[in-house]
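First up is the structure itself, then whatever we jot down about it.
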Amino acid sequence: MADDITFSPSRRLVLQVLGLGAAGFAVGCSPAVHASGGPDDLLQLNPFVKVGADNTVTVILKHIEFGQGVSTGLSTIVAEEMDADWSQIRFEHSPANNALYGNTAFGGMMGTGGSTAIFDSWERMRLAGAGARAMLVAAAAEKWKVDPATIKISRGKLSAGSKSATFGELAEAAAKIPAPDPASLKLKDPSQFVLIGKEKAPDTVFERADTPMKIDGSAKYAMDYQPEGMLVALIARSPRFGGKVASFDDAAAKAVSGVTDVVQIANGVAVVATNFWAAKKGRDALKVTWDDSAAEKRSSDQMLKDYKAELSGKGSAKRHVIRNEGAGAKALAGSGKRIEADFDFPYLAHAPMEPLNCIVEYKPGESCRITSGSQMPTGDQATAAMILGLDPSKVTVDTRIAGGSFGRRATPDADLVTEAAQIAKAIGGRAPVHLMWTREDDIRTGKYRPMAVHRMAGRVAGDAVEAWSDDTAIQSIMEGTPFLPPGVIDESAVEGGFDIPYAIPNIEVSARFVKSPVSVLWWRSVGHTHTAYAKEHFLDQLAREAGQDPYELRKSLLSGDPRLLGVLNLVAEKAGWSQPLAPAPDGSKRGRGIAAHKSFNSYVAEVAEVSVKSDGSFSVDRVVCAVDCGVAINPDVIRAQMEGGIGYGLSAALGEAVTLKDGAPVQTNFYDYQVLRMAQMPKVEVYIVPSSEAPTGVGEPGVPPVGPAVANALMAATGKTFNTLPIGAKV
Amino acid sequence: MKITINGQEKDLEVEQDRPMLWVLREELGLTGTKFGCGVAACGACTVLVDGVPTRTCITPASALEGKTVVTIEGLDTATGKAVQAAWKEMDVVQCGWCQSGQILTATALLESTPNPSEDEITNGMTANICRCATYHRIRGAVARASELLEG
């Protein structure tokens with residue numbers, strides 16, 4: 001029996017805590033309205049679809065596009081049910097509005113995260129497309145005086161007999177048609193799909209919706225928004241986590257040409273200037289004395305010792321048993337051999353390529369406009385309203401595409417907007433404020449993937465794994481936020497570990513939550529970043545002891561999980577697992593490793609091949625990936641997310657770490673925070689399991705298996721284990 | 001100072017030490033050139049200066065007096081167009097933030113090495129970080145652009 005624990009599902013935010021009330025989702029049933037503004041006189045048919053007189057169809061995204069391909073995915077679903085031609089499709093982000101654009105997986109709050117966008121949008125976007133289609137058909141029927149049933153639509157053209165019209169020609173009439181009852185809408189049978197599941201082909205002119213704007217420099221991210229009179233702000237924050245401003249001397253900062261203001265805010269001292277360079281020079285010249293009385297002062301080595309002391313029962317953190325099956329950890333004693341290993345994981349920075357930034361245009365007593373690439377626009381809206389003393393309805397949010405995020409722009413404390421709004425308030429709303437973070441701010445000021453230690457233990461008897469224990473010491477991501485009610489365990493710390501799918505007779509999984517002022521946050525695939533690594537690399541260590549082939553062992557333990565078994569078998573087949581690896585021409589040792597992991601309701605298995613030179617340097621040559629994410633809406637976007645997820649996971653496995661010295665981060669920028677570069681990128685092959693299950697996410701699930709697949713491959717090549725991350729450049 | 005940017009001669013008044021990146025973005029509104037690291041470690045701010053890929057985040061604008069600068073907005077050579085066409089064909093982009101720098105770096109690579117080997121592509125491109133790890137497709141797209149230029 002496990003403790004009497006309630007889980008707080010990872011990134012499924014608790015509605016009641018936020019006081020949002022139940023969100024009534026409107027799909028195709030709100031009155032048609034003229035969209036305000038815009039050069040094309042777009043007519044809004046429902047909350048998700050606008051049609052222009054210029055024959056464009058604009059899909060309103062309730063999720064932010066930050067590279068994961070959601071602008072393509074959501075647009076594909078709408079275009080499919082609407083029978084629009086792909087060339088007509090445009091996209092824009094929705095305004096901040098929980099009632100219209102809330103995420104059911106976030107308890108009704110708007111949000112992008114947890115690979116939920118497609119999962120949460122599938123039905124709603126289909127209905128939105130079908131509803132818009134029905135309105136266009138009704139408008140044509142009225143105009144042509146024909147039975148709506150005789151009207152056909154193909155690639156954005158309506159026709160009946162000799163009559164035909166484009167969407168644009170009918171937009172105005174369609175916008176006056178009452179929106180249909182969603183229950184009356186008939187969705188397509190999958191056999192009728194012309195866009196969903198289809199590959200890019202010359203005759204469909206199908207491509208990523210955001211490709212053209214990102215290859216010619218025309219895409220406008222938040223950082224590219226530069227309203228007239230804008231001031232740029234940089235903040236001097238405490239070098240140590242938890243430090244506070246004791247005093248500051250701004251004389252030298254104010255002497256820098258272009259610096260207009262130096263103001264203290266909750267989180268530090270902001271230097272405001274007419275341009276970035278002046279703000280940076282001003283901040284460099286600012287002298288701040290910090291009060292470190294409540295700050296983290298330990299170094300990473302000491303913290304690691306403390307985590308291990310917790311796991312040995314010498315600390316103060318309570319041990320929460322989350323899963324206890326069979327005899328649990330007691331079964332570690334018994335016949336055969338007991339194996340133990342500590343897996344050590346460092347803090348990781350997200351380091352999205354577009355440094356964090358947002359713009360606040362504040363008119364005291366009147367309004368505020370936020371321009372940002374945020375994953376939680378309504379949280380930002382509420383935060384700005386509170387800080388600026390405005391009604392939330394007076395705060396508008398212009399969500400822009402973001403230059404990556406990986407979780408960093410989903411902040412329960414609305415960190416960017418908080419800082420920017422405090423600065424805007426401090427300067428009396430005199431000018432638009434563009435808060436900028438430098439790369440150093442990004443690497444050194446936290447919201448890291450938590451540092452963690454997994455203490456793994458297992459018992460092998462003969463060729464069987466008899467017992468499994470996984471005890472984790474980690475900081476909670478959700479504790480202290482409004483998203484984790486008191487008395488509830490943060491599932492994100494153990495997801496993918498407590499629900500280990502292998503049929504082992506005795507299993508015990510537990511967690512201990514340690515404290516530190518270091519700020520932590522969900523990092524692409526969240527708890528799975530460490531649970532999958534510990535689970536899959538440790539399983540290979542047990543397989544070795546049991547004399548079992550790693551693939552065959554997994555296969556034998558996964559009979560109860562057909563979809564995970566499906567991707568495991570597919571990847572083994574495509575990687576040629578049963579064939580020996582080709583020897584390296586230079587005599588390097590070669591190795592192959594396999595790992596399988598379910599996360600965010602998608603199933604992924606990966607095989608990695610490595611070559612290890614005699615000096616210990618190595619390369620990851622090839623990664624083969626099999627994914628089952630239900631209906632594959634855009635196969636090429638899925639492949640792209642698997643390729644990118646593999647690169648992101650490999651980056652963490654090979655080189656990424658933020659370490660602390662006396663409480664301050666050692667790393668500062670890309671020259672010492674080592675992220676993956678092209679020379680380290682393997683060849684990647686992705687295979688998608690055909691499926692008619694409801695679609696699930698692909699942004700994160702490609703990440704977890706790659707680290708352990710590489711570690712297992714290195715173990716196969718060298719006989720060594722790799723229980724401390726990052727692995728580094730040599731083995 | 002006089003400088004030619006995307007074919008237009010400009011007469012700019014800028015502080016000696018202000019990096020070209022910020023002059024392009026804040027004074028000229030050429031926001032396709034991106035800020036990524038500020039220390040020439042990632043390549044997001046790359047433009048072509050007299051055809052040579054240059055990191056503008058550490059290059060003072062004053063150092064470019066009399067030079068010819070091409071940013072992503074002004075890329076109109078046959079090689080540049082082929083690189084963009086290959087990027088489009090292979091849907092290389094994800095978040096897109098690094099891609100201006102990648103495309104300009106690839107363009108310069110193909111100007112000097114029209115038929116690069118896989119190793120030459122990797123060596124030519126590996127200094128440009130893509131956090132979305134579109135590397136796999138960039139490698140393919142550079143090779144494809146080379147094919148397009150030959151054909």
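Read-outs: derived from the displayed coordinates by stated rules, not from any lab. Only a predicted model underlies this, so the values are computations on that prediction, with no experimental measurement involved. When we count neighbours, we look across all protein chains shown, and the Cβ atoms used for this are built from the backbone with ideal geometry, even at glycine.
Annotations for the structure displayed:
- At q = 0.17, 0.20 Å⁻¹, base-10 log of I(q)/I(0) for segment A:559-646 (Debye sum, equal scatterers on each alpha carbon): -0.76, -0.94
- Taking every DSSP helix (H) stretch of at least 4 residues in chain A, weighting each as -39,500 (n - 2.57) and dividing the sum by the residue count yields a mean residue ellipticity at 222 nm of -8000 deg cm²/dmol.
- The mean number of Cβ atoms from other chains found within 10 Å of a Cβ in peptide B:83-93 is 5, as a whole number.
- Average beta-carbon neighbours from other chains, 10 Å sphere, peptide B:10-18: 2
- Relative contact order computed over chain A (Cα-Cα under 8 Å; 6+ residues apart), in percent: 14
- Cross-link table A:254/A:363; A:50/A:176; A:447/A:515; A:308/A:337, entries beyond 18 Å C-alpha to C-alpha: A:254/A:363; A:308/A:337
- Here's the picture: charge each Lys and Arg Cβ at +1 and each Asp and Glu Cβ at -1 in chain A, and of A:166, A:56, A:600 the one pushed furthest to the positive end of that dipole is A:600.
- Mean per-residue shielding of peptide B:115-124 is 1, counting Cβ atoms of other chains within 10 Å of each Cβ.
- Calculated diffusion of segment A:578-731, Stokes-Einstein form, Kirkwood radius summed over Cα pairs, 25 °C and 0.890 mPa s, µm²/s: 150
- Ordering of A:403-413, A:300-310 by burial proxy (mean other Cβ atoms within 10 Å per residue, highest first): A:403-413, A:300-310
- In nm, spacing of pseudo-spin labels at residue A:481 and residue A:294 (7 Å Cα→C-beta vector): 2.0
- Distance from segment A:67-99 to segment A:602-635 (C-alpha centre basis), Å: 30
- Three-way shape label, chain A, alpha-carbon gyration tensor, a/c 1.5: oblate
- Separation in nanometres of the label points that stand 7 Å from Cα toward Cβ, at residue B:119 and residue A:619: 0.8
- Label-reachable residues, segment A:662-702, where backbone N falls under 18 Å from a point 7 Å from residue A:301's Cα toward its Cβ: A:662-667
- For residue A:452, residues with placed amide H under 5 Å, excluding near neighbours: A:345
- Pairwise centroid distance, computed over Cα atoms, of segment B:74-151 with segment A:561-581, Å: 33
- Normalised per residue, the volume of the convex hull around the Cα set of segment A:390-442 (Å³): 119
- Under 17 Å from the Cα of residue A:598 - lysines, other chains or at least 8 residues apart: A:535, A:555
- Exceeding the 29 Å Cα-Cα cut-off - candidates A:330/A:661; A:214/A:661; A:220/B:81; A:305/A:720; A:314/A:661: A:330/A:661; A:214/A:661
- Segments A:254-260, A:375-381, A:365-371, B:85-91 sorted - mean Cβ within 10 Å per residue, highest first: A:375-381, B:85-91, A:365-371, A:254-260
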